[in-house]
Amino acid sequence: MKTAIYYATSAGTTADIASRIARALGVDASDVYDVATAAPSTVAGYDRLILGSPTYGAGELPGTMDDFLHGLEVLDLRGKTVALFGDGDESMSDTFCSAVGEMYRRLRPTGATFTGAFTSEPYDYTHSEAVADGPDNLGRVACGLLIDQVNRPELTDDRIARWVATL
């Protein structure tokens, strides 16, 4: 399965996480793209797409990921598998890693098959668009991998290893 990793970054944190995921999966550096310089059409050559983004402000995507998703939203991604990851700050308790949920919401209509749902525990937050609320989500399963490099960087390597094992 040919895999590409696409990420948005400003401070470099998401780029670092994307590189760690690439190493864990054996993805060549030439298949890891900063969405600020990648065209959405490049996804055509891949079977599995892994997208990552930080969460800004009140739960928004950075502009570069928003633009990239606009390009993906018009594509037919049936036959492709998509996995999502994001980094955030759990002290931003009402929007923790909400960009992951926004990417999921926007890409669902493309026909892609999603993989990589993963627990958000042990992070402490009140709400995330990446995590369905309700009594049926007892393990606080998110629609992708959530990372907090600000408050709990010691969890990152283990979370990545366990997440990539599910892909």
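Would you mind stating whether VAL43 is touching a Lys or Arg at 6+ places or on another chain (Cβ under 9 Å) and of a type outside the set (Asp, Glu)?
Details: touching a Lys or Arg at 6+ places or on another chain (Cβ under 9 Å): yes; of a type outside the set (Asp, Glu): yes.
So VAL43 fits the description; yes.
Name the residue, out of ALA99, ALA58, that is open to solvent by 70 Å² or more (accessible area, probe 1.4 Å) and among the aliphatic types (A, V, I, L, M).
Every option except ALA58 fails the conditions.
I'm checking my understanding of the structure. Among residues of the range 123-167 that are part of a strand (DSSP E or B) and open to solvent by less than 10 Å² (accessible area, probe 1.4 Å), which one is modelled with the lowest pLDDT?
ALA142
For the range 29-46, what are the residues that are part of a loop (DSSP other than H, G, I, E, B), out of contact with any Asp or Glu (no Cβ under 9 Å at 6 or more places or on another chain) and surrounded by 12 or more Cβ atoms within 10 Å (Cβ to Cβ)?
Within the range 29-46, ALA38 is the sole residue that qualifies.
Residue check: is THR95 out of contact with any strand residue (DSSP E or B) (no Cβ under 7 Å at 6 or more places or on another chain) and of a type in the set (Val, Ile, Thr)?
Against the criterion (out of contact with any strand residue (DSSP E or B) (no Cβ under 7 Å at 6 or more places or on another chain) and of a type in the set (Val, Ile, Thr)), THR95 qualifies.
The values are calculated or read from the model by the stated rules, or taken from the named source; none is laboratory data. From a predicted model like this one, the values you see are computed outputs, not experimental measurements. Note that we place each Cβ from the backbone using ideal geometry, even for glycine, and neighbour counts take in every protein chain shown. Accessible surface areas use protein heavy atoms only, side chains included; no ligands, DNA or RNA. Shrake-Rupley method; radii C 1.70, N 1.55, O 1.52, S 1.80 Å.
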